[in-house]
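Visitor: Structure in structure tokens, see below.
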Amino acid sequence: MASSKMCGPCSRVDKLASAVTFCTDCEDLLCADCVTMHKAIKALALHHLVDKEVQTDKAFNIRKNCRDYPDMPLEFYCSNHESLCCRTCSVNTHRTCGKILPIGVAACGIKSSVILNDVTADLNGLLKTADQLVEDRAKNRENISKTKATTLQKIVKFKRQIIQELDGLEKKLMTEVDETEKKLTKKAESDLSDIEIRRKAIVDVSEQLEFLTKHGSESQILMLLNTIRVDIFKQEDDFENLISFYNCSDINFKASESKIAFSSLGSVEITSVPCSIAHKPSKNAQAQIPTEYAKMPTKFNFENKFDVPYRNGRIISIVVLNNNRLLLCFNGNKSSALSIWSDTGDHIQDCQLAAPAWGIAIIPGKDEVVVTLPAMNSIQLVNISTMEPGKVMTVPDSSYGVTVVKDMIVLGGKGKVYFLSITGSLMKTSEVGRRNLFSLKGNKTNVIYCCEADGDTLYCIDINGAVIF
């Protein structure tokens, strides 16, 4: 910490002097003598000096070297491209540009310029949105805890309802068991009463026969035997009939097969609604310093190549996902019609579609893509999180290129562009060119570019289907 408060120039010549100020242009701490010298030298007189205690680490952490030529400092400002450049870029890239100024000249009056006001307003707007989002996300975090408690209460309540329903079903079964028991008992008692009457009659006859055998005459015994033989034959017939109708009854419980429905009480689902915070960027005036996305690339460097082991077909379309993974459309066979790869060439997964694929487009705000299947005049949705094929929707004709603009699926056919709703309903058709439109691309202004096959024609249409050029 002590060295950070010592004068930079003096320290480099082995002198010790306490710093009193900081030069933001030199990015150096200065002692009182060096401040005097700084002001005396004409080239340094306009440098900006601030108190040495000011925290400058973040404030002056500005890129000063060229991105294309890292060893070259940024020295010039090109008004045509609204970008900073080094000497090499000024010769190679900006040779034909009309107005290239030294940064110092281009920056004159910047503190009172429109761009500073616009950028300040933009930053204030971003900060306001960030503050709102912090508050919104904090509420979201609190809401998650609250909804957890509510959800647990719902689960307990649902369990109680099920238990109550089970109690009701149990009570109903108990009543049915009681009624069944009464019915069976009544039948059993009736059977028992009947057989006891029959048994008593048999016992009476047996006792009478036994008595006469001991004490009666032979004539009496003969007469009784002739009488009871008829009764015996009748009882035997009755017994045979009765035994065939008698059952030994039990009361049992047969569990309902519907119990499998209770292998789970339900499932936990996440319901989401879009964030209610909206950021409205201010309308930028013409600026001396461009935003990064406005800068057009001036060259491309080869980075990587990998082989895709698919045969008898072509990779027709590629989209790059936010995680830098690649989705490839293959028109050779439907088993590998859509595949996902890492940017280093690692194969992750194939997705079998209803037919070989041609064009592909991401549906904004969803984990879904739409793929054209020209062989069967259809399109198909695919969940790119699970790589599961979704709904197949028939379209008016063979379609090749596809893009999604303003909640519409736009398809390129033979000399026609078809506008469909996200659910696949045809909304309108436009005549564009005469041949197959193999590739479609929409931009942020909802303009659609269409590439015609077997030719050198590029068409541009608006979302109403009107041809711009």
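Visitor: For labels at LYS172 and LEU101 in the simple 7 Å Cα→Cβ model, what's the distance in nm?
Guide: Between LYS172 and LEU101, the simple spin-label model gives 8.8 nm.
Visitor: If you don't mind, another one. Just to be sure I follow: if Rg is taken over the C-alpha atoms of segment 21-83 and Rh is the Kirkwood radius over the same atoms, what is Rg/Rh?
Guide: On the way: Rg = 14.9 Å, Rh = 13.8 Å.
Expressed as Rg/Rh, it is 1.08.
Visitor: Related question: Where does segment 312-461 land on Rg(C-alpha)/(2.2 N^0.38 Å)?
Guide: 0.97
Visitor: Putting +1 on Lys and Arg Cβ atoms and -1 on Asp and Glu Cβ atoms, find which of CYS351, ALA337, MET376 reaches farthest to the positive end of the dipole of segment 312-461.
Guide: MET376
Visitor: Place the peptides 426-434, 350-358, 414-422 in order of packing, highest mean first, counting for every residue the other Cβ atoms within 10 Å and averaging per peptide.
Guide: Numbers: 426-434: 15.0, 350-358: 21.2, 414-422: 18.3.
Highest mean packing first, the order is 350-358, 414-422, 426-434.
Visitor: Sticking with this structure for a sec: Could you pull out every whole DSSP H run in the chain that spans at least 24 Å of Cα extent along its own axis and averages -0.5 or higher on the Kyte-Doolittle scale?
Guide: Span-like helices, by this rule, are 218-245.
Visitor: Using a 4.7 Å Cβ cut-off, which Cys residues in the chain lack a partner cysteine?
Guide: Result for the chain is CYS34, CYS78, CYS97, CYS108, CYS248, CYS275, CYS329, CYS351, CYS450, CYS451, CYS460, no neighbouring Cys Cβ within the cutoff.
Visitor: Pulled fully out, how much extra length does the chain show between GLN208 and ASP194, if you take 0.36 nm times their separation in residues and subtract their Cα-Cα distance?
Guide: Computed gain between GLN208 and ASP194 is 2.9 nm.
Visitor: Given +1 on the Cβ of Lys and Arg, -1 on the Cβ of Asp and Glu, and no further charges, what dipole in debye does the chain carry about its Cα centre, rounded to the nearest 20? Numbers along the way, then the final one.
Guide: Values: 57 positive and 57 negative charges, 597 e Å.
The dipole magnitude comes to about 2860 debye.
Visitor: Need one number: nm distance between label points at ASP346 and ASP454, each 7 Å from Cα along Cα→Cβ, rounded to one decimal.
Guide: 4.3
Visitor: Can I ask one more? Any idea which of LEU328, LEU123, THR386 is furthest toward the positive side of the dipole for the chain, if Lys and Arg beta-carbons carry +1 and Asp and Glu beta-carbons -1?
Guide: LEU123
Visitor: Follow-up question, since we're still on this one. Where a Cα-Cα gap under 18 Å defines reach, which lysines qualify for LYS15, not counting those fewer than 8 residues away within the same chain?
Guide: Within the straight-line limit of under 18 Å, LYS15 reaches these lysines: LYS5.
Visitor: If you don't mind, there's one more thing I want to ask. Take the Cβ-Cβ distance between LYS146 and LYS5 as r, set R0 to 41 Å, and report the resulting FRET efficiency rounded to the nearest 0.05.
Guide: 0.20
Visitor: Here's another thing I want to ask about it. If R₀ is 60 angstrom, what is the calculated FRET efficiency for the pair ILE155 and ARG311, using the beta carbon separation as r and rounding to 0.05?
Guide: Efficiency, rounded to the nearest 0.05: 0.70.
Visitor: Ranked by Cβ crowding within 10 angstrom, fewest neighbours first, how are THR372, THR150 ordered?
Guide: Ascending Cβ contact count within 10 Å gives the list THR150, THR372.
Visitor: Over segment 3-51, what lengths in whole Å, largest first, do the semi-axes of the equivalent ellipsoid take, defined as the square roots of 5 times the eigenvalues of the alpha-carbon gyration tensor?
Guide: 17, 11, 8
Visitor: Hey, could you pull the Cα Rg and Dmax for segment 93-243, both in Å?
Guide: 53.2, 158
Visitor: Right, here's the next one. For the chain, state the average projected area of the convex hull of the C-alpha atoms over all orientations, rounded to one decimal in nm².
Guide: Result: a mean projected hull area of 50.8 nm².
Visitor: Same structure again: What pairs in LYS366/LYS391; LYS366/LYS416; LYS416/LYS444; LYS280/LYS444 have C-alpha atoms more than 18 Å from each other?
Guide: LYS366/LYS416; LYS416/LYS444
Visitor: Once the piece of chain linking ALA255 and LYS444 is laid out straight, how much longer is it, given 0.36 nm per residue of separation minus the C-alpha distance between them?
Guide: Taking ALA255 through LYS444 to full extension adds about 61.8 nm, to one decimal.
Visitor: With a ≥ b ≥ c taken as the square roots of the eigenvalues of the C-alpha gyration tensor of segment 115-184, please select rounded if a/c is under 1.5 and otherwise prolate if a/b is larger than b/c or oblate if it is not?
Guide: Prolate.
Any read-out appearing in this document is the output of simple, stated calculations on the displayed coordinates, not a laboratory observation. Because the structure is predicted, anything quoted here is derived from the model rather than measured. Cβ coordinates were reconstructed from backbone atoms using ideal geometry, including for glycine residues, and neighbour counts include every protein chain displayed.
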